[in-house]
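The structure under discussion appears below in the form of structure tokens.
Every number in this text was worked out from the coordinates using simple rules, so none of it is lab data. As the structure is a prediction and not an experimental result, all values here were calculated from the model. Note that each Cβ is placed from the backbone with ideal geometry, even for glycine, and that neighbours are counted across all protein chains shown.
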Amino acid sequence: MPSLSTVLTATRIIQDVKRCIVIPENDVRQLCFLSQELLMQESNIQLIDTPITICGDIHGQLHDLLTLFRIAKDPPETKYLFLGDFVDRGFYSLETFLLLLCYKVRYPDRIFLIRGNHESRQITSVYGFYDECLRKYGNANVWRYCCDVFDYISLGAYIMGASGESGGVFCIHGGLSPAVEKIDEIRLIDRKQEVPHDGSMCDLLWSDPEENIPAWAISPRGAGYLFGYDETKKFLHRNNLSLIARAHQLVMEGYKEVFDHGLVTVWSAPNYCYRCGNVAAVLTLSDDLERTYTVFDSVLQDCNEIPSKKPVADYFI
Amino acid sequence: MVRTQDDVIRSTDLDALSCRVACVSKGYLEDEFLKPIVSGLIKFQPLYSAPNTQFVVTRNLKKQLFQAKLPIISRGSYIRVKSIDCLVDSFLSQHEGTPCQIVSLGSGSETRPFKLLPKYPELNYVEIDFAKSVKVKKYSILADAVLRSRLGVEAAETIPSTYDEFAVASPDLHTENYHLFSLDLRSIDRTCSKQTLEDNGVKFDVPTLILSECVLCYLEPEDSNRVLSFFLREIPDGSVIVYEPMGGEGDDNGKMFGKVMEANLATRNISLPSLFTFGTLARQSSRFERLGIKKVKCLNMETIFDNWISPETMRRISRLELLDETEEWKLLSEHYCLCYCTWGSFAIDKKISM
Ligand SMILES: C[S@@+](CC[C@H](N)C(=O)[O-])C[C@H]1O[C@@H](n2cnc3c(N)ncnc32)[C@H](O)[C@@H]1O
């Protein structure tokens, strides 16, 4: 049970974030500290039961996240699993991350977060979150507090069906790793660190499925692997799974099932980077693991109180 | 300063330039002439503004020019510059030792003439842009000893340094084989005749390569067709390279990328009138074929990136920075094309490798 003061702080920050009021540095620090305490206790692979709504990349698109909550209902009414990549690219990474953390400390059993490859110091210094914090606060403290939280976010989730042990759903940001055969092996990773450049933890956050290859191939991203049909089938079988749910890749239709419906990519950032023109989706799994996809489109609102650059996307012009 | 629609279009050169600056600083490209061109721009462009606002203009210019770029933008700018460089090199090496010409439409802050003219003594290089852009480039050249020496230009007696001096300075710069002159491209074959172009150094009797690197896309389709038809009619041995975005076609899904791009650029007041008219590779090809050009090649930049880069180069550039945006790269790069076509002696089938 969260303490009364935690509840009060979280509730206040949720309201302020929604109204686009800058959250004082000290509050961010406190929230990050509370979140860290909480996330620290979670295991690398969290066990979650149904029904659950699974969301893919958000990438700082706060207004679209608010739309998502409007459509699929705010926590705690709906139970959520976010597959990582909360920050970078969009112009409201900080608010997005803080909102998710507030819900987490307020309703720890109704919202689950797992780590994406963007929840890293190195990537956020390139893709916008660092710059955003610097712009909004004039210093990097807030970015540092958030990065410290990143290190504690768990790596994946296992969703049990009503029938108990068999046919569950494995949830991860990127995908498989040649170094991981059984989900249990992931439990042994020491995750409390910056995302490494190689090895199983890196692969789980960086890899992508690829329909045109059977097994493993080098990834064009420079980290992780491409994995094909055969490897996916083997992994599903070995771990007694019915589905791998992951995010990490832009899908124009919001979601895409491949490998005989054995793997799905869920993408929850509509009109990604204010440039891609895609729709977004979330996946809801019922008690008997039936899949329902809810597709939604982007909204463009101005958030005047927060000093931020206008969403002007870059082109070659 | 009143900002006209032409000023808005002119400002797109800053985008292109800032991308090249990022490419050079990250190690994708080498360009020793970028620095003097950038310093010249920072020095002279503000002279169009009232003296009391010049420092603001300078500050904004610097901010824009040195802005950090995302990895996909660096990669896309790299492939844009490099693929055109390769085609230009192929054209020039095919005509080595004989007179030939490059006419760069809307050349902006391009640096190719500084690299190419000393290397190809028989080359005539013509750069055309709006007067305000041309004037900035002219004085950037005159103010820098390296750029001057590459073109064989004498040092100027005086270089304007105030609003008033700059306002009356003449924009054009001509040497024997380098011609930088001001012209609104839309006036070609209307108020601007063949004679005017000849008077400004354009030759009509040598093998000529016309470049449009993100330029004709700012014209109405009829205007860009008229410009191309004019050169097709007047130059017996000619070739064209066009690089530009394509908006897609068909239903909302097919046009989605273009529609979003249109809306995004509209916030800066920029419009791309032929984005959908020439919105696909097929539409691009048929635009040239309809003008009567027989040998036409149009590729999207994804194809070029995947096929023109040698394994060594690919290894080199993939090491420069982590590119996490693979699907976005695909989406972006397939919406840009490089078309090259000829009605003359340019052998466009030669395999390119960079
Ligand atoms: C995006 S910039 C490209 C500059 C250069 N070609 C490059 O790729 O780096 C477009 C250029 O075309 C020029 N331009 C556009 N419309 C023009 C017109 N009607 N007449 C002359 N120049 C024009 C602009 O002034 C600008 O310098």
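Couplings 3J(HN,Hα) of region A:146-161, computed from phi: 5, 4, 5, 5, 3, 4, 9, 5, 6, 9, x, 9, 10, 9, 8, x Hz, in residue order, whole Hz [Karplus 6.51 cos²θ - 1.76 cosθ + 1.60, θ = phi - 60°; x for Gly and Pro].
By other beta-carbon atoms within 10 Å, ranking A:Leu188, B:Leu331 with the fewest at the front produces A:Leu188, B:Leu331.
Note on B:Glu122 and A:Glu185: the model spin-label points, each 7 Å out from Cα along the C-beta direction, lie 6.4 nm apart. Among A:Leu134, A:Leu100, a tally of other beta-carbon atoms within 10 Å of each Cβ gives an order, fewest to most, of A:Leu134, A:Leu100. Remark: region B:4-15, residue by residue, has Karplus-estimated 3J(HN,Hα) of 8, 4, 5, 4, 4, 5, 4, 5, 5, 5, 4, 4 Hz, where x stands for each Gly or Pro and the curve is 6.51 cos²θ - 1.76 cosθ + 1.60 at θ = phi - 60°. Taking 0.36 nm per residue of separation and subtracting the current Cα-Cα distance, fully stretching the chain between B:Thr191 and B:Ser25 would add 55.5 nm. Separation of region B:275-307 from region A:135-175 is 45 Å, based on Cα centroids. Amide H to amide H distances under 5 Å link B:Lys295 with B:Thr342, where only residues 5 or more positions off or on other chains count and H is placed in the peptide plane. Beta bridges per DSSP, both residues in region B:5-342: antiparallel share near 40 percent. In chain A, the calculated helix contribution to ellipticity at 222 nm averages -9500 deg cm²/dmol per residue, counting -39,500 (n - 2.57) for every DSSP H run with n ≥ 4. When DSSP beta bridges are restricted to pairs lying wholly in region B:152-291, around 20% turn out antiparallel. In percent, rounded to a whole number, the relative contact order of chain A is 20, using alpha-carbon pairs under 8 Å and six or more apart. Note on B:Arg319 and B:Ala263: the model spin-label points, each 7 Å out from Cα along the C-beta direction, lie 4.3 nm apart. Once you've got the GNM for chain B with C-alpha springs shorter than 10 Å, pick whichever of B:Gly106, B:Gly250, B:Gly27 has the biggest mean-square fluctuation. The residue that fluctuates most here is B:Gly250. Derived scalar couplings between HN and Hα for region B:182-199 equal 9, 6, 7, 4, 5, 8, 4, 6, 10, 7, 9, 9, 4, 4, 4, 5, 4, 4 Hz in order, rounded to whole Hz, by the Karplus curve 6.51 cos²θ - 1.76 cosθ + 1.60 (θ = phi - 60°), x for Gly and Pro. The alpha carbon gyration tensor of region A:26-296 gives principal lengths a ≥ b ≥ c with a/c below 1.5, which makes the shape rounded.
Database remark: amide H of A:Ile52 closer than 5 angstrom to the amide H of A:Leu285 (H placed geometrically; neighbours at sequence offset of 5 or more, or on other chains; Pro and chain starts carry no H). Give me the lysines in straight-line cross-link reach of B:Lys350: C-alpha distance below 17 Å, same-chain residues under 8 apart excluded. Within the straight-line limit of under 17 Å, B:Lys350 reaches these lysines: B:Lys82, B:Lys294, B:Lys295, B:Lys297.
Among the GluC sites (Glu not before Pro) in region A:63-165, those located in a DSSP loop and surrounded by at most 15 other Cβ atoms within 10 Å of their own Cβ are A:Glu77. Of the GluC sites (Glu not before Pro) found in region B:117-201, those in coil by DSSP whose Cβ has at most 14 other Cβ atoms within 10 Å are B:Glu122, B:Glu154, B:Glu157, B:Glu176. About its Cα centre, the dipole of region B:5-342 is roughly 460 debye, where the only charges are +1 on Lys and Arg Cβ and -1 on Asp and Glu Cβ. Between the exposed loop cleavage positions of chain B, defined as trypsin sites (Lys or Arg not before Pro) in a non-H, G, I, E, B DSSP state with at most 14 neighbouring beta-carbon atoms within 10 angstrom, the longest gap is B:4-189.
For chain A, set up a Gaussian network in which alpha carbons nearer than 10 Å are linked by springs, and say which option among A:Thr11, A:Thr284, A:Thr124 fluctuates the most. Judging by the Gaussian network model, the answer is A:Thr11. Take the Cα of B:Arg290, step 7 Å toward its Cβ, do the same at B:Ala167, and the gap between the two points is 4.5 nm.
The amide H of B:Asn124, built 1.01 Å from its N in the peptide plane, has B:Cys100, B:Gln101, B:Ile102 as neighbours under 5 Å, considering only residues 5 or more places off or on other chains.
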